[in-house]
Amino acid sequence: METRGIEVERTLKDRKFLGLLVIVLLITYALPFPLISGFLEDYEKTREILKQMEQENDAITCHQVYSVNPEFFGSHGMDCDNTYYRPNETTVSCCGMSVYRDTYWEYIRAKDSLRRELPRFIAFVIWVIMSILAFSYALVDAAVKSQEESFSLKESVLSGFRALPALIASEFIVFLALLLVLIVLAIPLAIFGTIGGILVGILAAPAFALVVPIYYFERKIGPVHEIWKVIRNNTGGYIVLGLLLTLFDTITTLQYGHYLGIGTLLIMIAVGAPRYILNSVGALVVYLGTGEATGSETKEGQRIESEA
């Protein structure tokens with residue numbers, strides 16, 4: 001894949017680039033982690049209680065059916081698991097299931113606690129989205145400048161946050177465009193079931209990632225046409241980027257279902273590091289590989305050369 005001006009290996013070995021990546025991971029995940037630790041713990045507890053409720057419902061239903069005619073069902077080999085069966089205890093209906101009353105109240109308490117923690121989790125998600133946009137731009141800036149000259153970590157970060165409003169607007173416009181495309185493709189994708197969902201990720205994830213390098217070079221808000229050029233001229237790179245981004249997005253989703261204390265934070269950072277690199281350097285390589293990167297900086301250079 002042609003990179004036109006950026007050496008990936010050199011970039012990933014650059015100490016200042018790696019230092020910026022470490023700072024980005026700490027700011028994105030480590031500092032706000034206390035905001036979501038309670039939510040993740042309550043979420044896992046709620047999932048465990050729901051699983052217990054399902055098992056209790058299966059046990060209760062099985063014994064109710066068996067008690068109708070024990071001789072008949074017994075002679076046909078029917079047997080009920082007694083692990084979650086507690087005879088003579090009060091049951092209640094919840095979520096379309098019959099469960100024991102103490103389990104029900106435990107579920108209610110966990111759900112109330114989860115609801116109280118939800119605003120913090122939403123704030124964390126918003127912060128992560130904004131951070132990925134701003135810091136991906138900073139990493140693109142660092143990757144480009146590290147090829148020819150030294151760069152300032154502070155200036156790269158500030159440039160990312162200065163570009164944030166335009167990046168948010170661009171992402172929103174790209175989202176609307178993708179929404180229209182997915183509506184048209186909804187029926188064909190639905191036929192493939194789970195694979196269709198993966199295809200949606202492969203289609204959408206690189207489009208959102210490409211907003212950053214395109215805006216960095218072109219200063220265009222809502223670069224739908226430029227993204228289409230990348231899809232058309234560098235289809236292989238686009239698909240590979242989509243596969244990798246979808247993989248890490250899936251891992252990110254799964255990790256929230258298992259709270260491991262500080263271990264969860266370490267996993268978030270371990271997954272976030274390659275995710276950031278893909279969202280910045282990966283998207284930059286795919287974009288430059290199309291041969292369409294003739295942004296404002298490149299155009300200015302051509303103008304100066306022609307005048308000389």
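The values are calculated or read from the model by the stated rules, or taken from the named source; none is laboratory data. Just so we're clear, the structure is a prediction, and the values are computed from it rather than from any experiment. With ideal geometry, Cβ positions are generated from the backbone for all residues, glycine too; neighbour counts draw on all protein chains shown. Accessible surface is based on the protein model in full, side chains and every heavy atom, while ligands, DNA and RNA are left aside. Shrake-Rupley method; radii C 1.70, N 1.55, O 1.52, S 1.80 Å.
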Report summary line: Those residues of the stretch 238-279 that are open to solvent by less than 20 Å² (accessible area, probe 1.4 Å) and in contact with a Pro (Cβ under 8 Å, 6 or more places away or on another chain) come to a total of 4
Requested in this report: Scan the stretch 245-261 for residues that are in a loop (DSSP other than H, G, I, E, B) and either touching a Phe, Trp or Tyr at 6+ places or on another chain (Cβ under 6 Å) or of a type outside the set (Ser, Thr, Tyr) (or both) and jot them down.
Outcome: Gly257, His258, Leu260, Gly261
Query raised in the report: Does Leu114 count as touching a helix residue (DSSP H, G or I) at 6+ places or on another chain (Cβ under 6 Å) and surrounded by fewer than 16 Cβ atoms within 10 Å (Cβ to Cβ)?
Result: no
Report summary line: Exactly one of Phe161, Phe121, Phe135, Phe151 is in contact (Cβ under 8 Å) with a residue 24 or more places away in the chain, in contact with a Phe, Trp or Tyr (Cβ under 8 Å, 6 or more places away or on another chain) and over 19 Å from Ala207 (Cα atoms), and that one is Phe121
Query raised in the report: Would it be correct to say that Val200 is touching a Pro at 6+ places or on another chain (Cβ under 9 Å) and surrounded by 13 or more Cβ atoms within 10 Å (Cβ to Cβ)?
Result: no
Query raised in the report: Give me the pairs: first residue in the stretch 6-24 and surrounded by fewer than 13 Cβ atoms within 10 Å (Cβ to Cβ), second residue not in a loop (DSSP other than H, G, I, E, B), beta-carbon distance under 7 Å, and six or more apart or on different chains, which are they?
Result: Gly19/Leu153
Query raised in the report: If you go through the stretch 42-60 one residue at a time, do you hit one that is more than 36 Å from the chain's Cα centre (by Cα) and touching a residue at least 12 places away in the same chain (Cβ under 8 Å)?
Result: yes
Report task. Only one of these is at pLDDT 90 or above, open to solvent by less than 90 Å² (accessible area, probe 1.4 Å) and aromatic (Phe, Trp, Tyr): Tyr66, Tyr84, Tyr29. Name it. Result -> Tyr29
**Report entry** Hits in the stretch 219-237 (condition: open to solvent by 30 Å² or more (accessible area, probe 1.4 Å) and in contact (Cβ under 8 Å) with a residue 60 or more places away in the chain)
**Finding:** Arg219, Lys229, Gly236
